[in-house]
């Protein structure tokens, strides 16, 4: 695969990323990352490549590796390398190569981390503590990573500030809901080529990702069941018209299962035992731990690929179909979130990284929220890019609201 196709993908993406483009133009003038080493671990496709290139334009030396062994697009990786970014990634990395590439990017002695899932932050704390004094801070992309970073902070072990980009309003309200909602189904549909209307779709977890996946499933005509452990979210799903039940009950009637929890072993042998023959299993959480694929592999060592990205497993006289090895279905089986959604998210990443550098002397060594001004800046830029305008409070209205 040539770098030309990767370059074309990057150019197509940036054409539809006006917010990130405007950030890049300013970065090129102001050089906020001059002399700094930035290390990125994200899903390496065209939109991510443009974020890495924006950081490069801002004066940084940038090294990037993949946060998932099977989501790298090799042509994009090659094109990005030709633009001057140091790349350690290829599609289908072995576990040993995955770890080796992480070591390679960290060998560049980072000052700033852009992380996906908390792997970089954990690696420097527990495997390469000698790197800690030089690190200004990190930005975290995912719910899973925020959970891991928060645990580090609670234990008093976090050695630099981390901005939880996932907690930014412009991230979880739009990326997690509208991004995953569309891209997960993009992966399922292009991989299976099957009809959704009339099928029973089970969505595990009703956080922002689950909300988006359930919403799109209903739009495709599915009968949607939601499973949850949180009573408040369960009430919310019920009030929004979804059927709510425990997974063991849902497993008996489901035809397509999508895990959206960020937790481990959401679908296990207990559930496989009561599922229908032909059930389709996939994951829209972060790591490949939500569907217990290892159990299916143990039951059927001779499992095989029946269609690209679909593994068939035989178990107790039934057949199950796992998409994308149980990894993120939207990236393992498709191209990830829509470009316009990632324009917002990656603008937050770039602006949060700049904030860490500009305020490094005053920030606590904690997990911190995306500053309100960054969410405001990104959302206003989004509106402006689409020719939309909104009202502004009058002085009288501002005084009235401030009088309570």
Seminar exercise, completed: Quick count over segment 329-343, residues being touching a helix residue (DSSP H, G or I) at 6+ places or on another chain (Cβ under 7 Å) and assigned to a loop (DSSP other than H, G, I, E, B), is 5
For this session: Take segment 372-394 and flag every residue that is surrounded by 12 or more Cβ atoms within 10 Å (Cβ to Cβ) and either touching a residue at least 24 places away in the same chain (Cβ under 8 Å) or more than 30 Å from residue 162 (Cα to Cα) (or both).
Result: 374, 375, 377, 378, 379, 381, 382, 385
Exercise. Taking the stated definitions as given, is residue 262 at pLDDT below 95 and in contact with a helix residue (DSSP H, G or I) (Cβ under 8 Å, 6 or more places away or on another chain)?
Worked result: yes
Problem set entry | Where a residue in segment 262-287 is in contact (Cβ under 8 Å) with a residue 60 or more places away in the chain and its partner, wherever it lies, is surrounded by fewer than 15 Cβ atoms within 10 Å (Cβ to Cβ) and in a loop (DSSP other than H, G, I, E, B), with Cβ under 8 Å and at least six apart | 280/194
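Has segment 111-120 got at least one residue that is at positive phi and surrounded by fewer than 23 Cβ atoms within 10 Å (Cβ to Cβ)? If you could, list the steps in order and put the result at the bottom.
Step one: filter segment 111-120 for residues at positive phi, giving 117-118.
Among the residues that remain, those that are also surrounded by fewer than 23 Cβ atoms within 10 Å (Cβ to Cβ) are: none.
No; the residues of segment 111-120 include none that is at positive phi and surrounded by fewer than 23 Cβ atoms within 10 Å (Cβ to Cβ).
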For this session: Look through segment 102-126, keep the residues that are at pLDDT below 95 and not in a helix (DSSP H, G or I), and return whichever of them is nearest to residue 55 (Cα to Cα).
Result: 116
For this session: Please specify each residue of segment 301-328 satisfying the condition of being touching a residue at least 40 places away in the same chain (Cβ under 8 Å), in a strand (DSSP E or B), within 19 Å of residue 271 (Cα to Cα) and out of contact with any strand residue (DSSP E or B) (no Cβ under 7 Å at 6 or more places or on another chain).
Result: 315, 318
Exercise. Any residue in segment 271-279 that is under 24 Å from residue 183 (Cα atoms), surrounded by fewer than 17 Cβ atoms within 10 Å (Cβ to Cβ) and out of contact with any helix residue (DSSP H, G or I) (no Cβ under 6 Å at 6 or more places or on another chain)?
Worked result: yes
For this session: May I ask you to list pairs of residues, at least six apart or on different chains, whose Cβ atoms are under 7 Å apart, with the first in segment 78-98 being closer than 21 Å to residue 4 by Cβ and the second being modelled with pLDDT of 95 or more and surrounded by fewer than 17 Cβ atoms within 10 Å (Cβ to Cβ)?
Result: 86/108
Exercise. Does residue 48 meet the test of being within 24 Å of residue 284 (Cβ to Cβ), in contact with a helix residue (DSSP H, G or I) (Cβ under 7 Å, 6 or more places away or on another chain) and in contact (Cβ under 8 Å) with a residue 24 or more places away in the chain?
Worked result: no
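Among 397, 360, which is in a loop (DSSP other than H, G, I, E, B), surrounded by 11 or more Cβ atoms within 10 Å (Cβ to Cβ) and out of contact with any helix residue (DSSP H, G or I) (no Cβ under 7 Å at 6 or more places or on another chain)? Full working, then the answer.
Working: 397 fails: in a loop (DSSP other than H, G, I, E, B).
Unique residue meeting the criteria: 360.
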Problem set entry | For residue 346: the one exception among (1) part of a helix (DSSP H, G or I); (2) surrounded by fewer than 20 Cβ atoms within 10 Å (Cβ to Cβ) | (2)
Seminar exercise, completed: residue 297 passes all but one of the listed conditions (1) surrounded by 24 or more Cβ atoms within 10 Å (Cβ to Cβ); (2) modelled with pLDDT of 95 or more; (3) not assigned by TED's automatic domain parsing to the domain that holds residue 136; the exception is number (1)
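The values are calculated or read from the model by the stated rules, or taken from the named source; none is laboratory data. These figures come from a predicted structure and were not determined experimentally. When we count neighbours, we look across all protein chains shown, and the Cβ atoms used for this are built from the backbone with ideal geometry, even at glycine.
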